[in-house]
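A quick write-up on the structure given underneath.
The values are calculated or read from the model by the stated rules, or taken from the named source; none is laboratory data. The shown structure was predicted, so the numbers you read here are calculated from the model rather than taken from an experiment. As a convention, Cβ positions derive from the backbone with ideal geometry for all residues, glycine included, and neighbour counts pool all protein chains shown. Note: accessible area is taken over every heavy atom of the protein model, side chains too, but ligands, DNA and RNA are not part of it. Shrake-Rupley method; radii C 1.70, N 1.55, O 1.52, S 1.80 Å.
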Amino acid sequence: MSNPSELGEFLRVRRAALQPEDVGLLNYGIRRVPGLRREELAMLAGVSSTYYTRLEQGLSNNASEAVIDAIARALNLNTDERAHLFNLARPGTSKRRTLTKPDKVRPGTLRLIQSLATTPAVVLGRRSEVLA
């Protein structure tokens, strides 16, 4: 991580831009700071609040792509913001990393599983998502 303060600032700004209602959470009373709490964002991303806090404060510099991707999803980042987050969090690998399009089933594969009407079949993508 070349500049941890840039990553922390980006995460703080994006977290402050989200309201609990935007991500399906209940708002309990008055908040001292705008936006989501660190604990709420960590819960949405599936990481510990301590780990997320360390990332935001620049104390951890070894976040995996899966963690960065989970945080990007929790923050509802668009494609450009997601790419920027990856560039901030993992500058050494950001040049090699390309944002991939979602997997799609090839037409021939789809015709094949449709022809097997009585046989159960499933097509999985690279990230184990069900495509067909």
Å² per residue, accessible surface of the chain at 1.4 Å: 66 Å²
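Which order, highest average first, do 107-116, 26-35 follow once you tally other Cβ atoms within 10 Å for each residue and take the mean per peptide?
Ranked from most to least packed, the peptides come out as 107-116, 26-35.
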Share of pairwise Cα separations in the range 25-83, more than 17 Å, in percent: 42 percent
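Could you work out the helix-only [θ] at 222 nm for the chain, with each DSSP H run of four or more residues adding -39,500 (n - 2.57) and the total divided by the number of residues, to the nearest 500 deg cm²/dmol? Don't skip to the end; give the middle numbers.
Details: 6 runs with 60 residues, N = 132.
Mean residue ellipticity, 222 nm, calculated: -13500 deg cm²/dmol.
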Dipole magnitude of the chain about its Cα centre (Cβ charges: Lys, Arg +1; Asp, Glu -1), debye to nearest 20: 360 debye
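Tell me, what is the percent relative contact order of the range 8-69, built from C-alpha pairs under 8 Å that lie six or more residues apart?
Details: 44 pairs, mean separation 19.6, N = 62.
32 percent.
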Structure-derived semi-axes √(5λ) of the Cα gyration tensor in Å: which label, when the choices are [x] 35, 20, 12; [y] 44, 16, 15; [z] 29, 15, 14: [x]
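For the chain, which whole percent of the accessible surface, found with a 1.4 angstrom probe, sits on carbon and sulfur atoms? Mind showing how you got there, number by number?
On the way: 4640 of 8690 Å².
Of the solvent-accessible surface of the chain, carbon and sulfur hold 53 percent.
For Cα pairs less than 8 Å apart in space and 6+ apart in sequence, what is the mean separation divided by the residue count of the chain, i.e. the relative contact order in percent?
Values: 117 pairs, mean separation 31.4, N = 132.
Relative contact order, the chain: 24 percent.
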